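The values are calculated or read from the model by the stated rules, or taken from the named source; none is laboratory data. Keep in mind the model is a prediction, meaning the values are calculated, not measured. Here Cβ is always computed from backbone atoms with ideal geometry, including for glycine, and neighbour counts include all displayed protein chains. SASA here: full protein model, heavy atoms, side chains in, ligands and nucleic acids out. Shrake-Rupley method; radii C 1.70, N 1.55, O 1.52, S 1.80 Å.
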Amino acid sequence: MEQDDGLSLIQQAWMVRRANFNDEIFFDFPTQTESITLTGHSCALNCAHCGGHYLKGMSSVEEIQIRGALNQCYPFRSALISGGCTREGKVPFPEHLEFLRGLKRNVRLNFHVGLLSNEEVPLLKDLADVISFDFVADRETIREVYGLEFGPEDYRRVFLALQDVLPVMPHVTLGLKGGEWQGEEVALEVLSELDIRGLIFNVFIPTPGTRYADRRPLPVEEVIDFLAKARIRFSKIPLVLGCMRPKGKYRQVLDEAAIDLGLNRLVMPTPGARRRAEELGLKVIRGEECCAL
């Protein structure tokens with residue numbers, strides 16, 4: 001770790017956290033948030049890091065409608081609305097407005113719908129409680145991962161359009177380009193100028209059956225350094241370690257370091273991270289819904 005006046009980056013980050021936040025931490029176990037795919041298992045992009053794999057673990061519109069009818073209500077408090085993307089890089093949510101309006105009457109909704117047009121953004125105003133937005137600031141990564149001919153300026157434009165209408169929680173995936181650093185620092189520079197209310201970090205996971213299946217995640221020590229610097233940079237907004245991060249020893253090391261460097265919220269933290277929070281005297285507040293909510 002780099003040193004400054006004898007303090008490591010983690011120590012500096014922890015001091016920033018203690019100076020700006022209460023001695024509490026949020027641990028989310030999102031059992032009360034249902035993940036819904038509006039496109040079933042279909043995705044036109046077949047992205048290099050996902051390949052439709054994660055859609056298989058989500059519920060379809062038809063499944064949710066059946067469950068709602070059987071129970072006379074929905075057996076969850078909130079839902080993540082997502083799905084596969086069109087060739088334009090967006091989830092076609094306008095095709096399901098009737099279903100979404102009915103769902104909204106009963107539960108809170110977090111939309112993860114990609115690069116919407118200016119005409120589509122206003123449709124979310126009375127539907128979404130929050131927008132989860134993957135923020136990418138490198139043209140080569142956008143092309144290689146998503147197969148899209150968009151640039152960082154397009155992500156910034158859509159983010160600002162959404163922010164004019166609704167709360168937006170940007171997500172930055174570290175190592176998105178097959179486990180390589182590419183544009184993450186630039187993304188933070190751009191976001192630091194956009195008056196964000198929080199920031200969620202994910203870490204690339206090599207996923208079987210995808211074009212990146214044989215890659216490796218970023219070295220965990222480098223991820224920890226990056227998060228510590230982010231904590232120092234974004235001293236007054238909540239920082240979150242999201243659900244997408246490698247498992248096993250990698251996750252154990254990362255989660256405990258995330259506590260030490262002062263992140264505000266972790267999704268499904270390891271037992272070691274929970275113990276570390278207690279050792280540091282943090283009051284644990286347990287949540288049961290998606291961290292963006």
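Element breakdown for the stretch 20-92 at a 1.4 angstrom probe: carbon and sulfur atoms account for 50% of the accessible area. Once Rg and the Kirkwood radius are both taken over the C-alpha atoms of the stretch 75-216, their ratio Rg/Rh works out to 0.97.
In the context of the full set of protein chains, the stretch 86-197 has a per residue accessible area of 44 Å² (1.4 Å probe).
Diffusion coefficient (Stokes-Einstein, Kirkwood radius over C-alpha pairs, 4 °C, 1.567 mPa s) for the stretch 18-152: 79 µm²/s, rounded to a whole number.
Sequentially through the stretch 130-144, phi angles give Karplus couplings (6.51, -1.76, 1.60; θ = phi - 60°) of 7, 10, 9, 10, 6, 9, 10, 10, 9, 4, 5, 5, 4, 5, 6 Hz, Gly and Pro residues having no value and appearing as x.
How large is the translational diffusion coefficient of the stretch 161-227 in µm² per second when you combine the Kirkwood radius over alpha carbon pairs with Stokes-Einstein at 25 °C and 0.890 mPa s? Value of D from the Cα-based Kirkwood radius: 185 µm²/s. Entry note, the chain: the mean residue ellipticity at 222 nm calculated from DSSP H runs of n ≥ 4, each adding -39500 (n - 2.57), is -9000 deg cm²/dmol after division by the residues and rounding to the nearest 500.
Taking 7 Å steps out from each Cα toward its Cβ at ARG67 and GLU140 produces label points 4.2 nm apart.
Leaving out ligands and nucleic acids, and using a 1.4 Å probe, what accessible area per residue does the stretch 231-293 come to in Å²? Averaged over the residues of the stretch 231-293, the accessible area is 45 Å². Its residues counted as N, the chain yields a C-alpha radius of gyration over 2.2 N^0.38 Å of 0.99.
In whole angstrom, the stretch 106-155 maps to an equivalent ellipsoid with semi-axes of 25, 12, 8, each derived as √(5λ) from the alpha carbon gyration tensor and ordered largest first.
Taking GLU62, GLU34, GLU119 as the candidate residues, the one with maximal mean-square fluctuation in a Gaussian network model of the chain, Cα springs under 10 Å, is GLU119. Set the Cα radius of gyration of the stretch 180-293 against 2.2 N^0.38 Å, with N its number of residues, and you get 1.08.
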